[in-house]
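Single-structure report; data block below.
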Amino acid sequence: MEIALQARQLKKVYRSRITSQEIMALNGVSLTVNRGEIFAILGPNGAGKTTFLNCLSLLLEPDAGEISIFGMDARKESRAIRRRINMSSGNSNFPWCMTVREILYFYGSLYGLWGTTLKSKIEELLQLLDLENMVSRQFEELSTGSKQKLSLAKALINSPEILFLDEPTIGLDVNVAIQLRKFIKKMNEEKKVTLLLTTHYMKEAEDLAHRVAFLQKGRILALGTPEELKKRATAQNMEEVFLQLHNENFLD
């Protein structure tokens, strides 16, 4: 099976400029993700999930460790890698006064798309994510669900081979969250896009992910398929697995 991404012994420390206090966000995290896989990163608040995803997506440089994507060194070949990846955040933040179409045109141009190629790609994404009626609305006028869809459209503008999703359904109405999960699953099945996502929703991870890693205090405590983890914990669902891990009662 082809490897899409590898992280080796990643470390990241945040330092307060006021108190000089250090917080170890990542403490020697290693991970391998296969091409075409949906991989979920779970953990409590402050576990290091978003920091980990930001490092993997090249938005943040780790203090130590190595990242390779499609066999390329992230430090040496970041420009080539960035053309093949993208990220969508659950807390999307775009310029308030720009319209949906303007935002997609802007980000498309950053990836070197232009003319009829960019126009057709935008129309495809608008239709795919049901944003056609929102195209002339400014970002500040959008509902939370529409903002999430726009963030996802932006992340798909360059047809990425790896897509990073940070809390993709956080704060959404149930029906919108279900729609986005179906979209994510369909995209993986039909386009074979490799997906790494963070989520607080255990059911979401169980329904979507081929494998799951539990992160706590900057370390991976457990890794496996949802079924493997439930079996090891003698648990009925991923919520029970999460509670055991959070309380450090997980059975190896």
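Go through the residues of segment 168-182 one by one and say whether even a single one is assigned by TED's automatic domain parsing to the domain that holds VAL33, within 26 Å of PHE70 (Cβ to Cβ) and modelled with pLDDT of 95 or more. No.
Inspect segment 192-208 for any residue being more than 30 Å from ASN247 (Cβ to Cβ) and either touching a strand residue (DSSP E or B) at 6+ places or on another chain (Cβ under 9 Å) or of a type outside the set (Lys, Arg) (or both) and give the result as yes or no. Taking every residue of segment 192-208 in turn, at least one turns out to be more than 30 Å from ASN247 (Cβ to Cβ) and either touching a strand residue (DSSP E or B) at 6+ places or on another chain (Cβ under 9 Å) or of a type outside the set (Lys, Arg) (or both). Of the residues LEU152, LEU165, LEU142, the single one that is buried (at least 21 other Cβ atoms within 10 Å of the Cβ), among the hydrophobic types (A, V, I, L, M, F, W, C) and not assigned by TED's automatic domain parsing to the domain that holds CYS55 is LEU152. Within segment 182-231, the set of residues being of a type in the set (Val, Ile, Thr) and without any contact (Cβ under 8 Å) to a residue 24 or more places away in the chain comprises THR225 only.
Listed here are the strands (runs of 3 or more DSSP E) enclosed by segment 1-83 that have at least 1 residues being of a type outside the set (A, V, I, L, M, F, W, C): 3-15, 22-34, 64-69. Checked against the criterion of being touching a residue at least 12 places away in the same chain (Cβ under 8 Å), assigned by TED's automatic domain parsing to the domain that holds GLY171 and on the phi > 0 side of the Ramachandran plot, segment 72-85 contains not a single residue that satisfies it.
Answer yes or no: is there a residue in segment 27-47 that is farther than 21 Å from ALA205 by Cβ and assigned by TED's automatic domain parsing to the domain that holds PHE242. Break it down stepwise before answering.
Within segment 27-47, the subset farther than 21 Å from ALA205 by Cβ is 27-28.
With the extra rule that they be assigned by TED's automatic domain parsing to the domain that holds PHE242, the set shrinks to 27-28.
Yes, some residue in segment 27-47 is farther than 21 Å from ALA205 by Cβ and assigned by TED's automatic domain parsing to the domain that holds PHE242.
The values are calculated or read from the model by the stated rules, or taken from the named source; none is laboratory data. Note that this is a predicted model, so its numbers are computed, not measured. For neighbour counting, all protein chains shown are included, and Cβ atoms are generated from backbone atoms with ideal geometry for every residue, glycine included.
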